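The structure under discussion appears below in the form of structure tokens.
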Amino acid sequence: MQLLIVFHFSQLASFTKVPAQIIVNKDLDDILVQELESHCIDVGATSSGGGGGGFLPALKQVANVAALPGIVKFSLAMPDVHSGYGFCIGNVAAMDMDDPEAVVSPGGVGFDINCGVRLIRTNLKEEDVAPVKEQLSQELFDHIPVSLLRLIRFAKGCDL
């Protein structure tokens, strides 16, 4: 499969903070553009502007990620790109965690497929957790099922 950068734009939308790059082949390029065009037609056809619900087109989601606080360099979309919950599937972004406005987005790490990723906000600081991070990591690993096999064994009370 020959890949090409179909889109590399710094002004996808006026609100983006970084450029977006979408890396796909010609067939997927056509599908992404068609999805975006269909969404625009649907939104224009509804009085509420809601487009009838459903996912935002992948290209629009890539633009939304390019607008997240703290994003660095690019919002990248890999060849498997398709609509997801907020982040499209195949969307990659890095955040500058020294930026106090930066975000950690659960959508960027896969909560949409219920892969066990959860986000919780605490008042703990890195220095609070550092002395116990190995123990904390082990406790999380021991008590959170991370695969189908672990889930089955966890439910049966089996020790791995």
(message) So if I check each of Asp98, Asp30, Asp112, Asp42, which one is open to solvent by 50 Å² or more (accessible area, probe 1.4 Å), of a type in the set (Asp, Glu), modelled with pLDDT under 75 and out of contact with any His (no Cβ under 6 Å at 6 or more places or on another chain)?
(response) Asp42
(message) Under 8 Å between Cβ atoms, which residue pairs at least 6 apart in sequence (or on different chains) link something in the range 28-44 that is over 12 Å from His82 (Cα atoms) with a partner that is at pLDDT 80 or above?
(response) Ser38/Pro57; His39/Leu56; His39/Pro57; His39/Lys60
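Is it the case, given these coordinates, that Gly49 is exposed (fewer than 10 other Cβ atoms within 10 Å of the Cβ) and modelled with pLDDT under 85?
On the way: exposed (fewer than 10 other Cβ atoms within 10 Å of the Cβ): yes; modelled with pLDDT under 85: yes.
When the stated conditions are applied, Gly49 passes them.
In the range 9-20, what residues are open to solvent by less than 60 Å² (accessible area, probe 1.4 Å) and modelled with pLDDT of 85 or more?
As a first pass, look at the range 9-20 and keep what is open to solvent by less than 60 Å² (accessible area, probe 1.4 Å): 9, 13, 16, 18-20.
Selection gives Val18, Pro19, Ala20.
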(request) State which residue pairs qualify: first residue more than 17 Å from Pro57 (Cβ to Cβ) and inside the range 68-95, second residue among the acidic types (Asp, Glu) in any location, beta carbons under 6 Å apart, and separation of 6 or more residues or different chains. (result) Pro69/Glu101; Gly70/Asp96; Gly70/Asp99; Gly70/Glu101; Val72/Asp96
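The values are calculated or read from the model by the stated rules, or taken from the named source; none is laboratory data. Predicted model, so just to flag it, every value in this text is computed and none were measured. Cβ sites come from the backbone with ideal geometry, for glycine too, and all protein chains shown count toward neighbours. In case anyone asks, the SASA skips ligands and DNA or RNA and just uses the protein heavy atoms, side chains included. Shrake-Rupley method; radii C 1.70, N 1.55, O 1.52, S 1.80 Å.
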